[in-house]
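Let me begin by presenting the structure, written as C-alpha cells, before commenting on it.
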Amino acid sequence: MHKSVPSNLPTPPAPLNWAVTAPADGEVLYTAHLSFGEDGAFVDGTIEEQTRRTLTNIKASVEAAGGTMADITQCLIYLVDLADAPGMNTVYAEFFDGVLPNRATVVVAAILVPEAKVEIVAYAHISGQS
C-alpha cells in the first residue's frame with residue numbers, strides 16, 4: 001500500500017497527492033486506457049461517461065494483475081478540452097479512497113482516437129507480487 005508524503009505544500013486543488021511512496025517489494029504495473037467497452041468498440045459520450053469507462057478499464061487491469069485501485073501510485077491524465085477537467089475530477093474521485101495517487105493532468109491538441117476526450121495512464125505498485 002502506498003502512502004502520502006507529508007510536506008508544507010498547500011492542499012492540492014484536485015483529487016491527488018503531491019507525492020506518494022510505495023514499499024519496495026512487489027511489482028509495478030504500467031497501464032494506459034481510453035473509453036473502450038468489453039466488445040472493443042470505443043464508448044463515446046460525455047467527459048463523465050468516458051472517464052468512468054476509462055477508469056473502469058484501469059480497474060480491470062489492476063485487478064487482473066492482483067491489485068486494487070488503492071495500489072495506484074500515479075496517474076497521468078490527458079484531456080482535449082480544459083473545460084472537461086471538473087467533470088473528469090468528479091468521476092476520478094469516485095474511484096479512489098484513502099491516499100490519492102500523485103497525478104498530472106495536461107491538455108493536448110488531440111488523442112489518437114478522434115472521439116476520445118480523455119486518456120489515462122496509471123502506475124500501480126502491487127505488494128506481495130513477484
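Within the option set LEU16, LEU29, LEU79, being modelled with pLDDT of 95 or more, under 15 Å from the mean Cα position of the chain (by Cα) and on the phi < 0 side of the Ramachandran plot holds for one residue only, LEU79.
Each residue in segment 22-41 was checked for being surrounded by fewer than 14 Cβ atoms within 10 Å (Cβ to Cβ) and in contact (Cβ under 8 Å) with a residue 24 or more places away in the chain, and 4 of them qualify. Residues that are of a type in the set (Asp, Glu) and within 21 Å of ALA19 (Cα to Cα) within segment 76-119 comprise GLU94, ASP97, listed in sequence order.
Of the residues making up segment 25-69, those that are within 14 Å of ALA116 (Cα to Cα), in contact with a Lys or Arg (Cβ under 8 Å, 6 or more places away or on another chain) and not β-branched (Val, Ile, Thr) are SER35, PHE36, GLY37, GLY45, GLN50. Looking across segment 7-53, just one residue is in contact with a helix residue (DSSP H, G or I) (Cβ under 7 Å, 6 or more places away or on another chain) and aromatic (Phe, Trp, Tyr), and that is PHE36. Taking the criterion of being out of contact with any Phe, Trp or Tyr (no Cβ under 7 Å at 6 or more places or on another chain), closer than 21 Å to LEU82 by Cβ and among the charged types (D, E, K, R), the only residue of segment 96-115 that qualifies is ARG103.
Can you tell me which of GLU38, GLU63, GLU49, GLU115 is part of a helix (DSSP H, G or I), more than 26 Å from LYS3 (Cβ to Cβ) and more than 11 Å from the chain's Cα centre (by Cα)?
Details: GLU38 fails: part of a helix (DSSP H, G or I); GLU63 fails: more than 26 Å from LYS3 (Cβ to Cβ); GLU115 fails: part of a helix (DSSP H, G or I).
From the options GLU38, GLU63, GLU49, GLU115, the qualifying one is GLU49.
When the residues of segment 43-52 are narrowed to those that are surrounded by 15 or more Cβ atoms within 10 Å (Cβ to Cβ) and either out of contact with any strand residue (DSSP E or B) (no Cβ under 6 Å at 6 or more places or on another chain) or of a type in the set (Phe, Trp, Tyr) (or both), which ends up farthest from VAL99 (Cα to Cα)? Give the steps one after another, and end with the answer.
Start the filter on segment 43-52 by keeping residues that are surrounded by 15 or more Cβ atoms within 10 Å (Cβ to Cβ), which leaves 43, 47-52.
Filter again for either out of contact with any strand residue (DSSP E or B) (no Cβ under 6 Å at 6 or more places or on another chain) or of a type in the set (Phe, Trp, Tyr) (or both), leaving 43, 47-49, 52.
Working: VAL43: 29, ILE47: 24, GLU48: 22, GLU49: 24, ARG52: 20 Å.
Among them, the one singled out is VAL43.
When PRO86 is tested against (1) over 10 Å from the mean Cα position of the chain (by Cα); (2) closer than 24 Å to ALA41 by Cβ, exactly one condition is not met: (2). If you take the residues in segment 92-130 that are closer than 17 Å to PRO12 by Cα and hydrophobic (A, V, I, L, M, F, W, C), which one is surrounded by the most Cβ atoms within 10 Å (Cβ to Cβ)? Step by step, filter segment 92-130, then rank; the result is LEU100.
Among the residues of segment 48-59, is there at least one that is more than 19 Å from ALA93 (Cβ to Cβ) and β-branched (Val, Ile, Thr)?
Taking segment 48-59 first, the residues more than 19 Å from ALA93 (Cβ to Cβ) are none.
Scanning segment 48-59, I find no residue that is more than 19 Å from ALA93 (Cβ to Cβ) and β-branched (Val, Ile, Thr), so the answer is no.
Please work out if LEU55 is among the aliphatic types (A, V, I, L, M), surrounded by fewer than 22 Cβ atoms within 10 Å (Cβ to Cβ) and either under 28 Å from VAL5 (Cα atoms) or out of contact with any strand residue (DSSP E or B) (no Cβ under 8 Å at 6 or more places or on another chain) (or both). No; evaluated as a whole, the condition is false for this residue.
The values are calculated or read from the model by the stated rules, or taken from the named source; none is laboratory data. Worth saying up front: this structure is predicted, and the values here are computed from it rather than measured. In this analysis, Cβ positions are derived from the backbone assuming ideal geometry, glycine residues included, and neighbour counts consider all displayed protein chains.
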